[in-house]
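Read-outs: derived from the displayed coordinates by stated rules, not from any lab. Computed from a predicted model, the values in this text were never measured in an experiment. Cβ sites come from the backbone with ideal geometry, for glycine too, and all protein chains shown count toward neighbours.
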Amino acid sequence: MKHYCKYHPGTEALWYCSHDGLHLCQQCVESREGSLTEARCLLCNQELQSTAQGQGGPLWRQLDRYLRYPFAPLLLPVLLVWALLAALVPPLPVMVPVALLGGLPAWGFGRAVMALRSHPGKARKIAVPGWDCLSDMAGWRAAMLQALPALMVMMPAGFMLVWVSVSAGLLIGALGLFLVPAFWLAIQVQGAQPGSFAAALTYIFSAPRDYLVAGLLASVGWLLGVALVAVAVDVMPLSLAQGVAGALAALWWLALACLCGDILARHGRLWGLDQGVRKASAPLEERRQWVQLCAGRFDKVLLSTGKSLTHKGATVADWQRYDRLLEITGREDERRSQAPAYLEKMVLACAWSEALVLLSREREITPGWLPASPSLRLALARGIHEQAPKMAVALLKDLHDRHPDFSELGDAYLLLAKILAEQFGLAGKAEQYLRFVESQCRDAKLRKQVADYRAAWG
Ligand SMILES: [Zn+2]
Ligand SMILES: [Zn+2]
């Protein structure tokens, strides 16, 4: 049975946390450098189990499916090609290589079938690879390397069978072919080079139960095939019997490839095969918070978000998340005590509309609330005076009472005068503030500004 991630319902789960009882995808776990074989739970930090092994029941129960697979309409020509070429070639030992040429499409398809089925995401969409898989040069290299061990067993075994001893030929074939799927798996996992063969045996021991099914299909398929051909030789013309042998070889090849593909789908991840698992893209901390949020562990997220705010790189989004978490967890007091710092962050980031929302929210709870710091008030008023002139006036108007020593008082009142004159048409009121600036400030630039404003407003 296939499991999906608890927190990404459309994504296949690769992990299971026995502590939390959760199936999780690659995004929802902590794995070192994206490892697909080891990971920890982001909630409880315990080792996770991989869900790949033992999925979908024993393979021998699906044997009929593997035997039917080569009869898919798209693959039938592959069977026919080998059958026809084998039937047309005269029965001479020197002609054996020619008869083998008919197997080329089967070898190419066998490789493509394994590659397709080892990739669960692709195999769900397409059951059989198209003929364009034969145009893949790297694929041919792999296909040839996979054909090599099979032919090196089948050809000597065939010669023994025909010219030396039937039982010896059968035995050599059965024993040798038992190992062939391991070489195929090695090429698929390790890549198309002869060195990959060295790893073949590890796949037998890594998945012994599933491998046994593949090995037996290879051996027993050979024995049955030989038996069928022997009967065919007796009851039909020789060329026709040769055709049967060709078709059976293609059938053997494709059914075994289909089975090996499924073994790769089950165990490939643990063998390091790239199965198109999406690497976790977001930073670990972000993913941890997401999982904790999904699991309703708000307190934990609150704690880590609160910590992140003390870092230099904290953004308005971090503050917004923190504010929302305080709201969700019902910590109104904390939320209110954070408001000035939050407001300051938004002013620094020029997030004016957000700042306005926060300001109105605070003023709803405490009518007349304003940030205490005069420089914050001035900066805020500068940012919002166009969209909220009334609020800007409220921020600036009594600064000289509350903060008579504020060094930028002159700038603040110039701005206030400008708002009053230009946005409310209160030139008289504005003039009062201009006079204040004139009387209080010695700064030449400010005085010039006063003169400019007066000239502009007539
Ligand atoms: Zn997930
Ligand atoms: Zn867990």
Exercise for the section: For an R0 of 22 angstrom, estimate the FRET efficiency from the Cβ-Cβ distance between TYR4 and GLU286 and round to the nearest 0.05. Expected result: 0.55
Completion exercise
Full extension between SER50 and ILE365 adds, at 0.36 nm per residue less the Cα distance, a length in nm of 108.3 nm
Exercise for the section: With a point put 7 Å past each Cα toward its Cβ, work out how far LEU92 is from LEU216 in nm, to one decimal. Expected result: 4.3 nm
Problem - Fewest-first ranking of LEU59, LEU224, using other Cβ atoms within 10 Å as the exposure measure - result: LEU224, LEU59
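Taking segment 170-269, which trypsin sites (Lys or Arg not before Pro) meet the DSSP loop condition and have no more than 13 other C-beta atoms within 10 Å?
none
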Practice task
For GLU327, put the label point 7 Å out on the Cα→Cβ axis and report which residues of segment 360-395 keep their amide N under 18 Å from it.
Solution key: 360-366
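Quick check of the Kirkwood formula: for the chain, what is the inverse mean of 1/r over all pairs of different Cα atoms, in Å?
Numbers: mean 1/r = 0.0350 Å⁻¹.
Kirkwood radius, the chain: 28.6 Å.
Taking N as the number of residues in segment 59-267, what value does Rg over Cα atoms divided by 2.2 N^0.38 Å take?
Details: Rg = 16.2 Å, N = 209, 2.2 N^0.38 = 16.8 Å.
The reported ratio for this selection is 0.97.
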Handout entry: Cβ-based charge dipole, the chain, positive-most Cα from PRO58, VAL244, LEU370
Key = LEU370
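By the gyration tensor of its Cα atoms, with a ≥ b ≥ c the square roots of the eigenvalues, what is the shape of segment 319-378: rounded for a/c under 1.5, prolate for a/b over b/c, or oblate? Numbers along the way, then the final one.
Values: a/c = 1.87, a/b = 1.32, b/c = 1.41.
Oblate, since a/c reaches 1.5 and b/c is not below a/b.
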Exercise for the section: Kindly put MET152, MET346, MET144 in sequence by how many other C-beta atoms sit within 10 Å of each C-beta, fewest to most. Expected result: MET152, MET144, MET346
Exercise for the section: State the answer as a single residue: which of ILE328, LEU273, HIS400 lies farthest towards the positive end of the charge dipole of the chain, with beta carbon charges of +1 for Lys and Arg and -1 for Asp and Glu, about the Cα centre. Expected result: HIS400
Handout entry: Two-site label geometry, MET155 and CYS350: point separation in nm, points 7 Å out along Cα→Cβ
Key = 7.5 nm
Completion exercise
With +1 on the Cβ of every Lys and Arg and -1 on the Cβ of every Asp and Glu, the dipole magnitude of segment 76-142 about its Cα centre, in debye rounded to the nearest 20, is 340 debye
Fill in the blank from the handout: Among VAL301, LEU358, SER337, the residue whose Cα sits farthest towards the positive end of the charge dipole of segment 297-369 (+1 at Cβ of Lys and Arg, -1 at Cβ of Asp and Glu, taken about the Cα centre) is VAL301
Handout entry: Full-extension gain in nm, SER373 to GLU334, via 0.36 nm per residue minus C-alpha separation
Key = 12.1 nm
Problem - FRET efficiency, 1/(1 + (r/R0)^6) with R0 45 Å, evaluated for SER304 and ASP64 via beta carbons - result: 0.25
Handout entry: Point-to-point label distance, ALA317-VAL235, nm (Cα→Cβ direction, 7 Å offset)
Key = 7.1 nm
Fill in the blank from the handout: In this structure, the FRET efficiency calculated for ASP452 and ALA427 from their beta-carbon separation, with R0 = 22 Å, to the nearest 0.05, is 0.90
Problem - Cβ-placed point charges (K, R +1; D, E -1), dipole of segment 297-369 about Cα centre in debye, nearest 20 - result: 260 debye
Exercise for the section: Report the percentage of all Cα-Cα pairs in segment 355-434 whose separation exceeds 16 Å, rounded to a whole percent. Expected result: 47 percent
Handout entry: Between 0 and 90°, nearest 10: helix 238-267 axis offset from the chain longest Cα axis
Key = 30 degrees
Problem - Members of LYS312/LYS345; LYS390/LYS429; LYS418/LYS448; LYS2/LYS122; LYS2/LYS125; LYS397/LYS429 lying beyond 19 Å, as alpha-carbon distances in this model show - result: none
Practice task
With only Lys, Arg, Asp and Glu charged, each at its Cβ (+1 for the first two, -1 for the last two), find how big the charge dipole of the chain is about the Cα centre; round to the nearest 20 debye.
Solution key: 240 debye
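Sort 394-400, 133-139, 45-51 for me by packing, meaning the mean count of neighbouring Cβ atoms within 10 Å per residue, highest on top. Before the final figure, lay out the partial values.
Numbers: 394-400: 19.0, 133-139: 13.7, 45-51: 15.4.
Packing order, densest peptide first, comes out as 394-400, 45-51, 133-139.
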